[in-house]
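The values are calculated or read from the model by the stated rules, or taken from the named source; none is laboratory data. Worth saying up front: this structure is predicted, and the values here are computed from it rather than measured. Every residue, glycine as well, gets a Cβ built from its backbone with ideal geometry; the counts of neighbours run over all protein chains shown. Just the protein is used for accessible areas: all its heavy atoms, side chains included, with ligands, DNA and RNA removed. Shrake-Rupley method; radii C 1.70, N 1.55, O 1.52, S 1.80 Å.
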Amino acid sequence: MLLFATIFFTASCFFKKGLKAAQKSTPVEKIEALSNEMSSDCDKWEKETWDDAADLLENALGNLPDKMTSDEVTIVNSALSSMNVYAERHRRKATGVLDAIAKYAPGEAEPAAQPTAAQPAAKPATTQPAATPAPQPVAKPAAKPAAAPAGLLSGSVIREGGYTNVRKGPGTNYAVVTKIKDGSPIYYTNYNNNWCIVYDNYGNMMGYMHASKVVGSAYSAPARSSSGYVADGTIFDWLATRYVTESDIAAHRGELRILRNAIYARHYRKFKDASLRNYFNQFQWYAGNRDEIPASELNKYEKYNIQFIQKYE
């Protein structure tokens, strides 16, 4: 009897704990609370608890307003990013949560209110006051404003059938702050040879996205030289214009095989290795149609960099 009571009490406490997020008053608060619960407790969750979390998340996402404040958008995107990390860790039990996150279509943030100049006091009315106009239905915001915010470039996320990470800094070691659906239009500026800074529709900085994922970026634009045997305007052009240094090796420690083969990819080498083929096929500029690249086509930087990188692989 005592054993049964202990089990019942433990199960009751755990069940109630799972309902904390549901007790919040707004969808945004529920999503934030669920993210906090997941980060502190999900290692102990069974599949049934994950299923409850998926139902709660899907319901909260479905009830989000079409237009949210910037703070609300930040809270939701941050919470979803955090939940995605924990759900991926428990993928077998958490498919419902991952599906709910994948189906989420974010709304737009309301622009901050702009201060207006003080208006002179109205003169007293000498005739009957005008009738108050009937309220007009509010249309949902367009996907993008008519013109790009000043100083920003228009582009889109590469179409790969999923979502692309936006990170807190220019590197994969930085945390993911949000995800943008592939194929979506975006505004951006070029940051360096590998990263772009992306912005929301009102010119607010969201974070960093790898330049290879930004269609229209100066580093991913498809182009060829006059000889027709090399792609120019890619994120790998620097490998053909200067010598690779030890600092470059440290910065690209996990990408050295890609960098070395990118030298050949710019000359349209057809790779036998499926992983290399799949990686370079994502770029519009890549056309893998040449079995071999003669050494005579490589310049002094490319020849040096192939050997230099290979020493550190």
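Key figures for this structure:
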item: Apportionment of accessible area to carbon and sulfur, segment 21-95, percent (1.4 Å); result: 43
item: FRET efficiency estimate (nearest 0.05) - Cβ-Cβ, D51 to D273, R0 51 angstrom; result: 0.80
item: Theoretical gain in end-to-end length, S184 to S39 [0.36 nm per residue, Cα-Cα removed]; result: 49.3 nm
item: Separation of the K67 and N289 label points, Cα + 7 Å toward Cβ, nm; result: 5.0
item: Ellipsoid equivalent to segment 29-93 - semi-axes via the Cα gyration tensor, in Å; result: 22, 12, 9
item: Computed label-point distance, nm, for sites S25 and S156 using a 7 Å Cα→Cβ extension; result: 4.2
item: Cα-based shape type of segment 162-204, given that a ≥ b ≥ c are square roots of the gyration tensor eigenvalues and the cut on a/c is 1.5; result: oblate
item: Globularity index of segment 232-304, i.e. its alpha-carbon radius of gyration over 2.2 N^0.38 Å; result: 1.07
